[in-house]
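Have a look at the structure below, then the notes.
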Amino acid sequence: MKSFPESDLTWMRLALDLARRGEGLTRPNPPVGAVVVKNGRKIGQGWHKKAGGPHAEVFALRQAGAAARGATLYVTLEPCSTFGRTPPCTDAVLRAGIARVVVAMADPNPKHAGRGLRLLRQAGLQIDVGAGAAEAAALIAPFACHMLRQRPFITLKLGVSLDGRIADHTHSSRWITGPEAREVVQAMRRASDAVMVGAGTVRHDNPSLWPRPDGKRNPWRVVVVRNGPMPLHAQIFTDEHAARTLVAAPKGWQPACARKIRKAGATVLELPKNGFLPALAKELGRLGILRVLCEGGGILAGELIQAGLVDELCLFLSPMLIGGPVGAIGAATWRLPQAPRFRRVESKSVGQDWFLRLAPTGKES
């Protein structure tokens, strides 16, 4: 792999920080950041703020103006080379007179991968690929998942006790983790296009599932129900964001309840009973959803793991013992040789809790 001077890595880290500002806002596009540098000074920067709006490179080049001629452009993803809702960024780069482009990674879309880089090289620009590649790949993993598998990247988040419980025997879960962990969860919601829970979580906890503060995000709230009615007084059906609620249910589920939910402005998505969760994942992908944050409960968590749909497992481990029957993955069971295994991607303290980010063995982080 090509090695890069520390200055290149520093500017790319800034571009990645800029890109993260767009997480949760750009669907179905990936978050992208860009920085224009000349004579060791930043002269322009930008990030993709919303689908249909200018891309990161355009914002950065506009800010740089005429000074961009002969400068270096750092961008977290290969510049686009085709007309979509906006013109190709490669055209903007060429018009600006950029001399060198440093790209973290190529576009994972097979239709576009490498095309923009070839066009720029053919025009005589110096192109260097790979600075900050690991961080960039993690940033756009949801977009890559959507492109390659036509479904969202699913993060399963669980707040658990030392003995693996997500609630006490009365199903109360407020609060297993501390305020610092809950702040991190709010940031995870803001970075997601949908927040998903099982019906039991709605029945027992009546959560809003809306990020606080929302940072102008408007995620879908997805509730997975298999049987029994939903409580129509729940926040997800009665608050100002009811139109962003989607109930995923088997075909023929509770017709009277479904009618009332639709009347409240929410969506009821009826899916086949066989292959229910994979069908749901495909439907969410069809809606342009790139990242789903699943916050449980245990039954849904276990089913997602069994279906092979968990791309990332995030555990907030609280230093307490709860006991009782409400476990992190419900009734799911495996014999030890077949037990799902994960590898550690990140671990740190969050207040009095511990945070673990894990990837299923065999999947990239």
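The values are calculated or read from the model by the stated rules, or taken from the named source; none is laboratory data. No experiment lies behind these values; they were computed from the predicted model shown. Counting neighbours? That spans all protein chains shown, and the Cβs are built from the backbone with ideal geometry, glycine included. Heavy atoms of the whole protein, side chains included, go into the accessibility calculation; ligands, DNA and RNA do not. Shrake-Rupley method; radii C 1.70, N 1.55, O 1.52, S 1.80 Å.
If r is the Cβ-Cβ distance from T361 to R259 and R0 is 56 Å, what FRET efficiency results, to the nearest 0.05? Spell out each step's value before the answer.
Numbers: r = 44 Å, r/R0 = 0.79.
Calculated transfer efficiency: 0.80.
Within the accessible area of region 208-260, what % is carbon and sulfur when the probe is 1.4 Å and the other protein chains stay in place? Carbon and sulfur: 53 percent of the exposed surface of region 208-260.
To test your reading of the geometry: what angle, between 0 and 90 degrees and rounded to tens, separates the Cα axis of helix 6-20 from the longest principal axis of the chain? Roughly 50 degrees between the two axes. Entry note, region 165-224: relative contact order of 37 percent, from Cα contacts under 8 Å with a spacing of 6+ residues. Cα gyration tensor of region 199-255, axes a ≥ b ≥ c as square roots of the eigenvalues: rounded (a/c below 1.5), prolate (a/b > b/c) or oblate? Here region 199-255 falls in the prolate category.
Which lysines, if any, have their Cα less than 22 Å from the Cα of K251, not counting same-chain residues under 8 positions apart? Result set, ordered by chain and number: K260, K263, K273, K282.
Built from the Cα atoms of region 116-216, the convex hull projects on average onto 10.3 nm², one quarter of its surface area. Gain on full extension, evaluated as 0.36 nm per residue between N39 and Q150 minus their Cα-Cα distance, stands at 35.7 nm.
Need the list of aspartates and glutamates near K2 for cross-linking: C-alpha distance under 20 angstrom, and skip anything on the same chain fewer than eight residues off. The reachable aspartates and glutamates, counting only those whose Cα sits under 20 Å from K2, are E78, D107, D128, E135.
Each Lys or Arg adds one and each Asp or Glu takes one away; over the other residues whose Cβ falls under 15 Å from the Cβ of H233, this sums to +1. For region 296-365, applying the loop criterion from DSSP together with a ceiling of 12 other beta carbons within 10 Å to the trypsin sites (Lys or Arg not before Pro) yields R335, R341. In loop segments of region 21-53 as defined by DSSP, there are no trypsin sites (Lys or Arg not before Pro) with at most 11 further C-beta atoms inside 10 Å of their C-beta. The accessible surface of region 288-329, taken with every protein chain in place and a 1.4 Å probe, is 65 percent carbon and sulfur.
Rounded to the nearest 0.05, what FRET efficiency is calculated for N274 and A243 with R0 set to 35 Å and r the Cβ-Cβ distance? It would help to have the intermediate numbers written out before the result.
Numbers: r = 30 Å, r/R0 = 0.85.
E(calc), rounded to 0.05, equals 0.70.
For the chain, the longest stretch holding no chymotrypsin sites (Phe, Trp or Tyr not before Pro) located in a DSSP loop with at most 12 other Cβ atoms within 10 Å is which?
On the way: sites that count: F83, W175, W334.
Between the exposed loop sites, the longest stretch runs 176-333.
Straight-line cross-link reach from K49 at under 24 Å between alpha-carbon atoms covers these lysines, not counting any fewer than eight positions away in the same chain: K111, K216.
Rounded to the nearest 500, what is the 222 nm mean residue ellipticity of the chain from helices alone, with -39500 (n - 2.57) per DSSP H run of 4+ residues and division by all residues?
-8500 deg cm²/dmol
Model label points for N227 and A332, set 7 angstrom from Cα along the Cα-to-Cβ axis, are 2.1 nm apart. Subtracting the Cα-Cα distance of A67 and V345 from their residue separation scaled by 0.36 nm leaves 96.0 nm.
Out of the total accessible area of region 1-124 (probe 1.4 Å, heavy atoms of protein only), what percent is carbon and sulfur? Exposed carbon and sulfur together represent 52 percent of the surface.
Below 8 Å, C-alpha to C-alpha, sequence gap of six or more: please give me the relative contact order for region 217-365 in percent.
Details: 194 pairs, mean separation 25.1, N = 149.
That works out to 17 percent.
Would you mind calculating the relative contact order of the chain from Cα pairs under 8 angstrom and at least 6 residues apart, reporting the percent as a whole number? This gives 16 percent for the chain. The residues of the chain have, on average, 46 Å² of accessible surface per residue, using a 1.4 Å probe with all protein chains present. Under the shape rule built on the C-alpha gyration tensor, where the axes satisfy a ≥ b ≥ c, the chain is prolate, since a/c reaches at least 1.5 and a/b is greater than b/c.
Between the beta carbons of T86 and T267, assuming R0 = 25 Å, the FRET efficiency works out to 0.30 to the nearest 0.05.
Would you mind classifying region 190-302 by shape? Square roots of the alpha carbon gyration tensor eigenvalues, ordered a ≥ b ≥ c; an a/c under 1.5 is rounded, otherwise it is prolate if a/b is larger than b/c and oblate if not. Rounded. With each label modelled as a point 7 angstrom along the Cα→C-beta vector, the L9-R121 pair spans 2.5 nm. In this view, the solvent-accessible surface of C294, computed with a 1.4 Å probe and all protein chains in place, comes to about 0 Å².
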